[in-house]
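Notes follow once the structure below has been shown.
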């Protein structure tokens, strides 16, 4: 292969020669030098009005800038290339650019834009009647929808991709792997394992891509643990870690150590959990580093407590029967592991039950021109929940934030859901202030206990709206959760009352009723505090309610489904490597 020193400077070359030299430099991983030659070739192609060649160079330049993390130049070159091939009506090249731009947006977490360009690529592929291109588009759409947490839709797209053709082993194994990961997120662990195994078998029969095998084994090991096959989980992760280290993939190794650490922590082996956490040496900046330190301190504390308890138990057993001490400890350890698994299984089941009582989101489409619900629980079960019901010409809608998250919050949410159903659907009440007053009384009665601390903090904050469609009036009452609406580009806020449902409120607390005449184009939002309370950003601070309102104004003119994705992407980017601090709920609607 020719070295750069053997070639004359760009100005002595033709466009084709400069492009060829750039390709050679890329093969030698000399990206910056390659860019110089690509830019020179592009200029010559433009001077000669060789549009197709110019578009091809723009495609390569866009990819190069992307490798430099220069998103602005990467996108501008790809867009310029797309405009050129569109003017030439070169359908196959239009497809290529649309697919690449979709992938580009996905790498920078702009999933709504990514979804749009993947759909355009699918239209191009359909016009070309090329089954392999169509298959690639459905695969890309499936992955994008997975990122967007639209899991059922993602599964449909991946299923379409898998059904189209089995000839191209390279994409089929990727489809199988993506489907397996999606099924894992959907908690269908046994089916996920079947897809993982099919992907591995196809990989073995074809090119035996070691990197692909490593990626599959990394995820597969944790799924084995979720189906209580600890032996298979550890064996699979061991093979994945060995391959990742041979391939020198520190990011993959870090994830595997994290899986190990989580598994050992959940099984009560804090010593090994600590060992693997400390082996996770791949840090992407200060935030990740700090989170690892915090997690290490937490595990160290658990380990110290466990060791202390073990020493006390050993001492006790020595005085009873030294010969049976180790056997007794092992028995107790097995019992503890079984209890942990039983508790985890119960929580997963509770999560399915909780999800089942939530009203179907498509009911919103019957009442509103546009609406969305962004709902992301922090744990398996959630303290946030949404509730709505149609009553005659009225529609009652609530965003509820219960005390805490996880299991305690979920128990409170089940109670709140039952109260709303009884008050609105059985008793027929639609006045938000009256509904909140009734909820407050029933919550306080239900939580009544001799210990004052039970009622001191436990309760719910919520925003509740009733829409009178006949008269175009919205009624609102709130308990610490406001109603925000945007009219003609300006943000308006109706503040909530300073009383929670339950908690320290009085038994006969009254709530203020607000009435608002709805105008065409008004966009309404109600939400819990989880979005604003998320830590992240450059200074690892809370996002804050004011920043959320500014972002809502910024996106309010967009279609509601796009707003949902933009909110999700914005939260994901702000959070970065931080753990999600609370349940997340945002509801938007317009008539």
Subject >> Residue that is surrounded by the most Cβ atoms within 10 Å (Cβ to Cβ) [pool: residues in segment 175-189 that are modelled with pLDDT under 90 and in a helix (DSSP H, G or I)] >> reply: 184
Original post:
Which one of 508, 522 is in the same structural domain as residue 432 (by TED's automatic domain parsing) and farther than 20 Å from residue 554 by Cα?
Top reply: 508
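Quick check on segment 122-149: of everything there that is in a loop (DSSP other than H, G, I, E, B) and either modelled with pLDDT of 90 or more or assigned by TED's automatic domain parsing to the domain that holds residue 570 (or both), which residue is farthest from residue 191 (Cα to Cα)?
Top of the filtered list is 129.
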Original post:
Taking residue 231, is it surrounded by fewer than 22 Cβ atoms within 10 Å (Cβ to Cβ) and outside the structural domain of residue 570 (by TED's automatic domain parsing)?
Top reply: yes
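Every residue, every condition in (1) surrounded by 15 or more Cβ atoms within 10 Å (Cβ to Cβ); (2) over 21 Å from residue 31 (Cβ atoms); (3) within 27 Å of the chain's Cα centre (by Cα), yes or no:
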residue: 56; (1), (2), (3): yes, no, no
residue: 69; (1), (2), (3): no, no, yes
residue: 76; (1), (2), (3): yes, no, no
residue: 90; (1), (2), (3): yes, yes, no
**OP:** Could you please find all residues in segment 478-504 being more than 31 Å from the chain's Cα centre (by Cα) and either buried (at least 19 other Cβ atoms within 10 Å of the Cβ) or closer than 29 Å to residue 445 by Cα (or both)?
**Re:** 497, 498, 499, 502, 503, 504
Original post:
Do we have any residue at all in segment 521-528 that's surrounded by fewer than 16 Cβ atoms within 10 Å (Cβ to Cβ) and either more than 22 Å from residue 436 (Cβ to Cβ) or in contact with a strand residue (DSSP E or B) (Cβ under 9 Å, 6 or more places away or on another chain) (or both)?
Top reply: yes
**OP:** At least 3 residues that are at pLDDT below 85 in each: list the helices (runs of 4 or more DSSP H) lying fully within segment 322-434 that qualify.
**Re:** 325-357, 406-420
Original post:
When you scan segment 40-82, how many residues do you find that are on the phi > 0 side of the Ramachandran plot and either modelled with pLDDT of 95 or more or in contact with a helix residue (DSSP H, G or I) (Cβ under 6 Å, 6 or more places away or on another chain) (or both)?
Top reply: 0
**OP:** Test residue 103 against the criterion of being within 18 Å of the chain's Cα centre (by Cα) and without any contact (Cβ under 8 Å) to a residue 60 or more places away in the chain, and give yes or no.
**Re:** yes
**OP:** Test residue 572 against the criterion of being surrounded by 18 or more Cβ atoms within 10 Å (Cβ to Cβ) and within 18 Å of the chain's Cα centre (by Cα), and give yes or no.
**Re:** no
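Matching residues to (1) in contact with a strand residue (DSSP E or B) (Cβ under 7 Å, 6 or more places away or on another chain); (2) at pLDDT 95 or above; (3) closer than 22 Å to residue 110 by Cα; (4) not in a helix (DSSP H, G or I):
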residue: 511; (1), (2), (3), (4): yes, no, no, yes
residue: 552; (1), (2), (3), (4): yes, yes, yes, no
residue: 558; (1), (2), (3), (4): no, no, yes, yes
residue: 573; (1), (2), (3), (4): no, no, yes, no
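The values are calculated or read from the model by the stated rules, or taken from the named source; none is laboratory data. These figures come from a predicted structure and were not determined experimentally. Note that we place each Cβ from the backbone using ideal geometry, even for glycine, and neighbour counts take in every protein chain shown.
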